[in-house]
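**Q** Take this structure first; my questions come after.
The values are calculated or read from the model by the stated rules, or taken from the named source; none is laboratory data. Remember, predicted model here, so these are calculated numbers, not experimental data. Cβ: placed from backbone, ideal geometry, glycine included. Neighbour counts: every protein chain shown. Remember, those area values only see protein heavy atoms, side chains included, never the ligands or the DNA or RNA. Shrake-Rupley method; radii C 1.70, N 1.55, O 1.52, S 1.80 Å.
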Amino acid sequence: MRTGLTMTMIFCLLPVTVVATTLRLSTDIDLLVLDGKKVSSLLLRGADSIELDNGPHQLVFRVEKTIRGANHEMRLYISPPLVVSFNTRAVQLVNFSLPPLDSWKAAEKFNNAPGLALLDGEAAPIPVMLDVLPVQDKGKGVNYERETARYNKSGKPAALPLFAPVQADDSTLLSGISELDVIPPQSQTLTEQRLKFWFEQADPLTRDRFLQWAKQQPPS
């Protein structure tokens, strides 16, 4: 009896194990940002699910699906970027549930009024906030992580300030103490130091464009 009581006390003193939530990926979903961070294609390559902590989460994604047109030609449909916020506090499994996008008419309807559901392991709907992510920096190389951070500071329906990083603007950087205020060593000019400093602040796409530009410059 004493042994059983002792074992019960030991189990009570052990930390409670938090069960993670499994997010099942869909072949029709192009996941762009997870909880404010860009999703690496290497992370998703060949994966059919990813593990999330229990708590609030936010996904930014596009729906991509090949749809047969009126002339029976197959074309790729890509939706506007969507943002959905939800909580997995009492959920162990999350599944995407998309409306049937089997025609371009259905796709146009989805563009005008996007709608989808997240379902748990019992096929019950999970409360979500869904919105279209407005993109200010339009173009081929959209920085969705930056656009998501901007959205999360907007107070819009699916915004989660938790995933909006605080970033100082240029005036704050230059008015405060930074790497630019440190006297460079003899082997490094101030211009070189500034170039290195701002290069490190840039996102990978901007760095790549800068390197391509630098290669095209004639030697002095």
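**Q** Looking at Arg45, Arg2, Arg89, can you tell me which residue is at pLDDT below 95, touching a Pro at 6+ places or on another chain (Cβ under 9 Å) and not small (Gly, Ala, Ser)?
**A** Arg89
**Q** Working only within region 48-79, note down all residues that are farther than 30 Å from Lys105 by Cα and surrounded by fewer than 11 Cβ atoms within 10 Å (Cβ to Cβ).
**A** Answer for region 48-79, where residues must be farther than 30 Å from Lys105 by Cα and surrounded by fewer than 11 Cβ atoms within 10 Å (Cβ to Cβ): just Glu51.
**Q** Can you find a residue that is assigned to a strand (DSSP E or B) and either open to solvent by 100 Å² or more (accessible area, probe 1.4 Å) or modelled with pLDDT of 75 or more (or both) anywhere in region 5-17?
**A** Taking every residue of region 5-17 in turn, none turns out to be assigned to a strand (DSSP E or B) and either open to solvent by 100 Å² or more (accessible area, probe 1.4 Å) or modelled with pLDDT of 75 or more (or both).
**Q** Next up: In region 146-159, which residues are open to solvent by 40 Å² or more (accessible area, probe 1.4 Å) and either under 19 Å from Ser79 (Cβ atoms) or free of Cβ contacts under 8 Å to residues at least 40 places away in the same chain (or both)?
**A** Listed by number, the residues that qualify are Arg150, Lys153, Ser154, Gly155, Lys156, Pro157.
**Q** Would region 49-57 turn up any residue that is in contact with a helix residue (DSSP H, G or I) (Cβ under 7 Å, 6 or more places away or on another chain) and either within 19 Å of Ala124 (Cα to Cα) or at pLDDT below 75 (or both)?
**A** The answer is yes; a qualifying residue exists.
**Q** Of all residues in region 112-145, count the ones that are polar (S, T, N, Q), loosely packed, with under 15 Cβ neighbours inside 10 Å and closer than 23 Å to Leu76 by Cα.
**A** The qualifying residues number 1.
**Q** Further, regarding this structure: Please go through region 118-142 and pick out each residue that is within 20 Å of the chain's Cα centre (by Cα), at pLDDT 95 or above and part of a loop (DSSP other than H, G, I, E, B).
**A** Correct list: Ile126, Pro127, Leu133.
**Q** For the structure I just gave you, tell me whether Val91 is out of contact with any His (no Cβ under 8 Å at 6 or more places or on another chain) and part of a strand (DSSP E or B).
**A** Answer is no for this residue.
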